[in-house]
Amino acid sequence: MVQFLDLKKIVQQQREELLQAMARTLDSGWYILGNELKSFEADFASWCGVGHCIGVANGLDALTLTLRAWKELGKIKEGDEVIVPANTYIASVLAITENRLVPVFVEPSDSTFNLDPARIEGALTSKTRAILPVHLYGRLADMPAIMALAARHGLLVLEDSAQAHGASLDDRKAGSWGHASGFSFYPGKNLGALGDGGAITTNDGELAETLRALRNYGSHEKYKNLYQGVNSRLDEIQAAVLGVRLKHLDVQTELRRRVARRYLDSIHNPHVRLPAWESPAQHVWHLFVVRCEARDELLAHLTEGGVQTLVHYPIPPHRQKAYSAYAGQSHPITERMHAEVLSLPISPVMADEEVEEVVRQVNLFRP
Ligand SMILES: *Cc1c(COP(=O)(O)O)cnc(C)c1O
């Protein structure tokens, strides 16, 4: 069987280095907010090309706490509107509503799966304060256009880079375009911890300071609380693991690109639409998502043929029970995407024969 993602195999390749990093942390006697975190934050900030990185407990917190920090800094307030792609993963929306801000769903571009700048303008109101573009599946959103639009209208931009570690456009990486950016280090992400983890990157020193307090009970100095903060820290052990894994990420991204190129060159099936990938947008292929009108049949055919696939995602946020208040909205491009998308196996550890088997099975499909 071709597994969707063989995490065990990925981690095994780095086993010795990971064990060393974990042993070093174990022996240090210091497990929260210490040198491992400082060192990973510095490495990740410089790798992304920004001034600051703040480690937190997970990707959802990275987004939620950034919006919260902007509230504390008086840049945004309850009831303000945040533009978000209608086809995103639920976490982007949860971060907005958790702060009692209002998500305004904007349709993505049909070819890139990412927020369509041309549609943002039409969604702006006097209450719009921020845009939350998501670099979905590992491809950067159209950040030059989004940043220009944000500047014209005085809006904040928070990138959701949870699926896009190292994705770039014009040699600028995800995490360095917006006023801030949230990353997830969930194990299955391109840069994954061995547990939960997340981080915010930003060039804004004041925001970074606020976030460092918010993640730690609202406190910089023990027992002195500036904000009603939370406990959302990136553990020393996870920071040490991420430090090791970051060193391998560029090579692993190239290996993902090799698989993607093979799929793009070799999958020829009139019923299967391949994802767009044109330079200079540097995709990091967190997911390789094809579209098919008979998606469920294609999924069944591949399962039958021993190829594991997943759907990212079966239900858009505005159709979720949790967001029943938005159920009346209609976002046809998004709704069609959710009915047609299918994620093929992709990872840095796929054997050539596995890639060929996926190609063969997809090419055999007839609805
Ligand atoms: C994974 C993910 C998140 C949330 O990250 P967690 O670490 O799982 O909390 C947010 N946004 C997107 C687009 C994601 O894929």
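The values are calculated or read from the model by the stated rules, or taken from the named source; none is laboratory data. All of these numbers come straight from a predicted model, not from anything done at the bench. Here the Cβ positions follow ideal geometry from the backbone for every residue, glycine too, while neighbour counts run over all protein chains shown. Accessible surface areas use protein heavy atoms only, side chains included; no ligands, DNA or RNA. Shrake-Rupley method; radii C 1.70, N 1.55, O 1.52, S 1.80 Å.
For segment 9-147, the square roots a ≥ b ≥ c of the C-alpha gyration tensor eigenvalues yield an a/c of 1.5 or more together with a/b exceeding b/c, which makes the shape prolate.
Semi-axes of the chain's equivalent ellipsoid from the Cα gyration tensor, sqrt of 5 times each eigenvalue, largest first, rounded to whole Å?
Working: eigenvalues 214, 150, 56 Å².
Value: 33, 27, 17 Å, ordered largest first.
Counted over segment 222-367 with a bin width of 10 Å, the fraction of Cα pairs per bin, in whole percents, is 10, 29, 26, 22, 10, 3, 0. With 0.36 nm allotted per residue and the present C-alpha distance subtracted, the Ser39-Thr125 stretch has 26.8 nm of extension available.
Helix-only arithmetic for the chain: the sum of -39500 (n - 2.57) across DSSP H runs with n ≥ 4, divided by the residue total, places the mean residue ellipticity at 222 nm at -12500 deg cm²/dmol. Its residue count N sets the reference 2.2 N^0.38 Å, and the alpha-carbon radius of gyration of segment 213-288 equals 1.85 times that reference. Within segment 303-367, the proportion of C-alpha pairs whose separation exceeds 15 Å stands at 64%.
Count Lys and Arg as plus one, Asp and Glu as minus one, and take only other residues whose Cβ is under 12 Å from that of Pro348; the net charge is then +2. Among rounded, prolate and oblate, which fits segment 1-48 when a ≥ b ≥ c are the square roots of the eigenvalues of its C-alpha gyration tensor, a/c under 1.5 means rounded, and a/b larger than b/c means prolate? Cα axes put segment 1-48 in the oblate bin. A simple count of charges around Gly328, restricted to other residues whose Cβ falls under 15 Å of its Cβ and scoring Lys, Arg +1 and Asp, Glu -1, yields +1.
Multiplying the residue separation of Asp250 and His220 by 0.36 nm and subtracting their alpha-carbon distance yields 7.4 nm. Counting charges near Ser266 (Lys, Arg +1; Asp, Glu -1) among other residues having Cβ under 14 Å from its Cβ returns a value of -2. Among the protein heavy atoms of segment 214-367, carbon and sulfur supply 52% of the accessible surface, probe 1.4 Å, non-protein parts ignored. Spacing of the modelled spin labels on Asn231 and Asp171, each 7 Å from Cα toward Cβ, amounts to 4.6 nm. Taking each residue as 0.36 nm, the span from Ala23 to Thr303 lengthens on full extension beyond its C-alpha to C-alpha distance by 96.8 nm.
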